[in-house]
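Below is one structure, written out as structure tokens, with a few remarks after it.
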Amino acid sequence: MPEAVLITDVGPRDGLQNQPKILTIEQRIALIGAIAEAGVPQIEVGSFVSPRAVPAMAGTDQVFAALSQQPYYSTPSLALIPNMKGYELARDAGAKTVTMVLYASDGMAQKNAAMTMAQAEDITIDILKLAKQEGIQVIATVAVAFACPFDGATDPKLVETIAGKFIQAGADQLVLADTIGSAHPQQVRDITASLVKSHGAAQLGCHFHDTRAMGLANVFAAVESGIRRFDSSIAGLGGCPFAPGASGNVATDDIAMMLGQMGFDTGIDINKLMQASDLAQQLTGTAPGGRSKPWLQGHLAKIAS
Ligand code: COA
Ligand code: ZN
């Protein structure tokens with residue numbers, strides 16, 4: 001039996017929040033549907049944040065409402081939240097899993113959510129308590145886990161402390177986010193190996209951006225440490241409007257191909273994933289598409305002929 005790797009496509013949130021073109025609710029749903037159709041097992045479908053701060057994510061409640069009406073849509077839908085108000089809005093919209101953002105720097109906490117790192121931690125503890133009572137899963141994601149565009153290099157000891165605290169506090173998953181794509185594989189190997197040793201791999205995940213073409217190398221380093229959960233973005237869409245220099249996430253196109261060829265089971269149908277990637281490119285006009293895409297499409301055409 002091939003070993004499973006769980007991929008969460010965050011393109012409809014991390015990708016679309018940073019595009020010059022704001023998609024309509026119908027377009028967002030079409031993209032989410034195409035990604036689900038390709039067998040991607042989890043999708044971050046939007047965020048509950050201030051629409052003034054991130055206009056592209058306005059109407060995420062309507063996205064949830066529409067998905068609940070789709071008879072064949074059963075893919076778990078995640079919602080990113082920055083605070084308690086976000087939690088309440090996500091819960092009221094029907095989200096069953098939320099991704100709450102923690103920070104490894106005060107500079108990023110301030111820019112992203114107008115709070116300190118400590119305040120974000122306190123709010124996350126409150127959210128975890130409420131979520132347990134309300135049957136909602138919480139993924140705690142540590143932003144700027146490797147470097148911050150405002151405060152510089154992140155101390156890995158700090159990240160390990162935050163990760164340990166929130167695994168103890170009952171977070172269902174703990175994700176290290178390389179928000180600006182500054183990590184290199186040795187750093188990734190060191191911190192993931194240490195975290196896996198302390199906590200096991202089951203709850204740990206990684207979120208890499210491909211700013212410096214190290215996205216896949218970082219995924220590989222984390223895989224070698226035992227990590228089996230990754231965020232990625234259809235067609236490499238992505239970035240963070242509050243983190244200068246952040247570019248797209250590692251493309252789902254690329255990570256699905258690499259992990260598949262390495263013998264892991266991602267559950268993803270590459271043919272259909274290419275259709276979702278095409279749609280992401282058509283809808284946004286800016287999604288780069290995975291580096292592997294021309295090769296994959298050529299390969300699929302050869303098989304078909
Ligand atoms: N969703 C929707 N609206 C929210 C909200 C949320 N999660 N949290 C706060 N708001 C609203 C407030 O109700 C208030 O609305 P009003 O002016 O109509 O009364 C307004 O936003 C401002 O609230 P305030 O508490 O003063 O916050 P702020 O202006 O300092 O902004 C955030 C703080 C967190 C709301 C804002 O920075 C934000 O949404 N950040 C998210 C950034 C993001 O998505 N980053 C990418 C993911 S890593
Ligand atoms: Zn990101």
Computed over segment 213-284: relative contact order in percent, which uses C-alpha pairs under 8 Å that are six or more apart
28
Which pairs in the list K21/K111; K21/K272; K85/K165 are over 32 Å apart, alpha-carbon to alpha-carbon?
none
Testing the spin-label approximation: label points 7 Å from Cα along Cα→Cβ at Q133 and E37. State their distance in nm.
4.2
Could you check how much of the accessible area of segment 6-304 is carbon and sulfur, as a whole percent, using a 1.4 Å probe?
53
Rounded to the nearest 5, the percent of DSSP beta bridges in segment 93-169 running antiparallel is 20
Rel. contact order, % - alpha carbon contacts under 8 angstrom, at least six apart, the chain
21
How much of the DSSP bridge set in the chain is antiparallel, in percent, rounded to the nearest 5?
10
With labels modelled as points extended 7 Å from the Cα through the Cβ direction, what inter-label distance (nm, one decimal) is found for A304 paired with R52?
4.8
Ranked by GNM mean-square fluctuation in the chain (Cα springs under 10 Å), the top entry among G238, G135, G94 is G135
I'd like to check one number: the per residue accessible area of segment 6-304, probe 1.4 Å, reported in Å² as a whole number.
40
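So what is the relative contact order of segment 176-305, in percent, for Cα pairs below 8 Å that sit 6 or more residues apart? Intermediate results must be reported in sequence, preceding the final value.
Numbers: 214 pairs, mean separation 30.1, N = 130.
Reported as a whole number, the value is 23 percent.
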Given the options P288, Q69, I227, identify the residue whose Cα lies farthest towards the positive end of the charge dipole of segment 6-304 (+1 on Cβ of Lys, Arg; -1 on Cβ of Asp, Glu).
P288
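The values are calculated or read from the model by the stated rules, or taken from the named source; none is laboratory data. Just so it is clear, the model here is predicted, and its values are computed rather than measured. Note that we place each Cβ from the backbone using ideal geometry, even for glycine, and neighbour counts take in every protein chain shown. Just the protein is used for accessible areas: all its heavy atoms, side chains included, with ligands, DNA and RNA removed. Shrake-Rupley method; radii C 1.70, N 1.55, O 1.52, S 1.80 Å.
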